[in-house]
Amino acid sequence: MSLILRNPHSVDAVLRTRPTDVLEVRLSPNQPSPRWSAIADLARHHEIPVRMSLAASERHSTSRGKSERVGAASAIISERNELLVDQLFTPEMTAESGLWLALEQLQDPHNVGAIFRTAAFFGVKGIILTKDHSAPLTATVYDVASGGLEFVPFAIASNLSRTILLAKSAGLSILGTSEHAEEAVESVPLDSSCLLIFGNEEHGLRRVTQQNCDRLCRLQHQGEIQSLNVSVAAGILMSTLAKGSQPKKGNWPADRSNVNRRALGFAQHEQPICS
């Protein structure tokens with residue numbers, strides 16, 4: 001499926017990583033910004049069509065009957081293909097310690113995009129998104145991510161419990177997030193590869209997901225506000241946990257090699273129990 005992106009940083013990232021997936025660049029009839037001019041030059045270098053949009057003063061009706069101005073610069077791209085879940089946990093991917101994320105039923109595309117942007121900044125090795133009750137990867141997500149979707153591998157999981165088992169068998173420890181957790185993130189050892197899981201904006205992690213975690217952690221508030229938007233909290237947690245880059249023995253459950261990989265095929269029927 002094709003998407004229309006309006007953030008020049010997002011378009012630039014696609015041009016530099018997978019230029020054949022940029023189908024067309026549309027410039028404003030007004031003087032384009034230096035950023036969009038550079039994008040147009042790069043597009044022409046790759047023999048991608050560059051056209052002028054309609055006049056900025058013109059408007060057209062959307063499917064919802066609202067009037068929308070057209071003419072702002074944009075680009076039409078193809079979606080980035082996701083990986084299979086097990087491709088995020090191959091021996092090559094896990095040879096060096098690092099941080100992976102899982103987003104369980106996040107529904108706000110702005111949160112998903114912001115998390116991708118921050119994940120790209122901190123070098124997160126992969127992101128798992130849940131298939132059901134989750135925001136799709138729309139143009140809004142790509143634009144908010146400001147290029148982040150091009151630099152962080154991602155997969156869409158239909159069963160997060162199976163994904164957690166797979167991550168454990170690959171040597172990762174599983175860290176869930178909850179404002180009700182007893183342990184603050186500052187006490188989490190930074191000496192192991194980790195899958196960090198964030199839950200739904202309203203309900204948090206499902207109970208079954210919490211039970212599958214090795215630990216649950218929270219951010220320690222210092223003022224009267226006791227919770228944060230999930231994308232803000234994710235940024236703080238990534239900043240803290242991404243520092244633990246060297247593999248060594250610690251307090252995490254150490255040996256994941258004895259996890260029965262046959263369990264990965266076990267179909268567990270879960271009900272979305274809110275925490």
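The values are calculated or read from the model by the stated rules, or taken from the named source; none is laboratory data. Only a predicted model underlies this, so the values are computations on that prediction, with no experimental measurement involved. Here the Cβ positions follow ideal geometry from the backbone for every residue, glycine too, while neighbour counts run over all protein chains shown.
Observations on the model:
- For the range 139-158, the candidate set comprises residues that are in contact with a strand residue (DSSP E or B) (Cβ under 7 Å, 6 or more places away or on another chain) and of a type in the set (V, I, T); within that set, the residue that is surrounded by the fewest Cβ atoms within 10 Å (Cβ to Cβ) is I156.
- Scanning the range 200-218 for residues that are touching a strand residue (DSSP E or B) at 6+ places or on another chain (Cβ under 7 Å) and not basic (K, R) gives L205, T209, Q210, N212, C213, D214, L216, C217.
- Any strands (runs of 3 or more DSSP E) falling wholly within the range 153-231 and containing at least 1 residues that are closer than 24 Å to N111 by Cα and either of a type in the set (S, T, N, Q) or at pLDDT 95 or above (or both): 154-157, 173-177, 194-198
- Residue in the range 99-113 that is outside any helix (DSSP H, G or I), modelled with pLDDT under 95 and out of contact with any strand residue (DSSP E or B) (no Cβ under 9 Å at 6 or more places or on another chain) present: no
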